[in-house]
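Everything on this sheet refers to the single structure shown next.
The values are calculated or read from the model by the stated rules, or taken from the named source; none is laboratory data. What you are looking at is a predicted structure, and each value in this text was computed from that prediction instead of being measured. Backbone-built Cβ (ideal geometry, glycine too); neighbour counts: all protein chains shown. Note: areas computed on protein heavy atoms with side chains; ligands, DNA, RNA excluded. Shrake-Rupley method; radii C 1.70, N 1.55, O 1.52, S 1.80 Å.
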Amino acid sequence: MHSATPNPITQAYQRDGFFFPVDTMSREQAGAYRKELEEVESRASAEPGRYNTAIWFTNANFVLPFVDEISRLPTILEPVKSVLGPNILVWNASFFIKEPHTPDFVSWHQDLKYWGLTDSGEVTAWVALSDADVRSGCMRFVAGSHETGLLDHRDTFADENLLSRGQELAVEVDESKAVDVVLEPGQMSLHHGHTFHASHPNQSDDRRIGLAIRYITTEMAQRDGIRPYAHLVAGEDHCGNFQLLSGPIETMARHNVELAVENIKMVENFFYEEAAMPGKALR
Ligand SMILES: O=C(O)CCC(=O)C(=O)O
């Protein structure tokens, strides 16, 4: 009798709380998706009312067909399934963009602290649509930090912090243990919702563009009996904890925008629980 070969992604992910790099698409394909994003950005600056950035930045898979398409790529879903199992929802997908030579950063935090989800069956696939390296402010992960459970955070609401409330871990992070998550366009990293992570400002001449797709198991639920919307991207949903939507077929179609707005209203209280100053994008 021989035992099944252990999956190297699952093994490393369980040990470290992350895995990278994973090739998800060619550099050219990543460039084509970046172009689609940049077209949406230019339309958004021409029509800010219609292209409310809070929506397409943080619930991008609700309103942008190309983001929904990325979230369903087998090259992303197979590694995600190896971590979460066969039945997978996308809870949301948000862009993390840092312009060249700007001070924007992300403080040390754990994702699941703020999302009001009932358990830890979640993984983020962070897909690079540009180079993400030390100079451009790639993410940094602390290996093994997912084992600590969720720790206290404090709010800073720092302007240059890309997180909704500028939240940061209230414990000292041993930066000597931080790993730079260097990715080429088209590669992704996977990280656990308890993994300590952060990123420095972009000191390069190019934009640093990442799409963070939040995958959850169908067993996960939103707290307080709320049933937000989600997209089933693999397997079946026998739990019914989320209201399932089909993916968008037209950029910023009115119906999809309305669903995204409704969804933001359903979850925003979790992001700002006990916080004094709501107002930034939810992440
Ligand atoms: O893009 C970054 O630098 C941070 C992203 C992040 O915090 C996340 O995906 O959870």
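Summary table
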| read-out | value |
| --- | --- |
| Relative contact order of region 57-213, defined on C-alpha pairs under 8 angstrom at six or more residues apart (%) | 39 |
| Net charge contributed by nearby residues that have their C-beta within less than 15 Å of Ala234 (K/R +1, D/E -1) | -4 |
| Average accessible area per residue (Å²) across region 8-272 - probe 1.4 Å, nucleic acids and ligands excluded | 41 |
| With DNA, RNA and ligands ignored, accessible area of His255 (1.4 Å probe; Å², nearest 10) | 120 |
| Choice from Phe62, Phe157, Phe196 with maximal GNM fluctuation in the chain (Cα, 10 Å cutoff) | Phe157 |
| Of all accessible heavy-atom area on region 129-283, the percent that carbon and sulfur account for (1.4 Å) | 47 |
| Two-decimal log10 I(q)/I(0) for region 120-258, as the Debye equation yields it once each C-alpha is a single scatterer, q = 0.09, 0.11 Å⁻¹ | -0.36, -0.54 |
| Relative compactness, the chain, computed as alpha-carbon Rg over 2.2 N^0.38 Å | 0.95 |
| Reduced Cα scattering model of region 16-160, Debye log10 I(q)/I(0), q = 0.21 Å⁻¹ | -1.79 |
| Ser120 accessible area, 1.4 Å probe, all protein chains in place, Å² to nearest 10 | 40 |
| The chain, helix-only ellipticity at 222 nm - DSSP H runs n ≥ 4, -39,500 (n - 2.57), divided by all residues, nearest 500 | -8000 deg cm²/dmol |
| Radius of gyration and maximum dimension Dmax of region 181-269, Cα, Å | 16.4, 48 |
| Local net charge near Phe20, Cβ-Cβ under 12 Å (Lys/Arg +1, Asp/Glu -1) | -3 |
| Evaluated at q = 0.10, 0.14, 0.25 Å⁻¹: base-10 log I(q)/I(0), Debye formula over Cα of region 5-81 | -0.35, -0.61, -1.15 |
| Region 8-272 - percent relative contact order, Cα under 8 Å, separation 6 or more | 32 |
| Region 1-99, relative contact order in percent, only Cα pairs under 8 angstrom and at least six apart counted | 29 |
| Cβ-based net charge around Gly186, under 9 Å, with every Lys or Arg adding one and every Asp or Glu removing one | -2 |
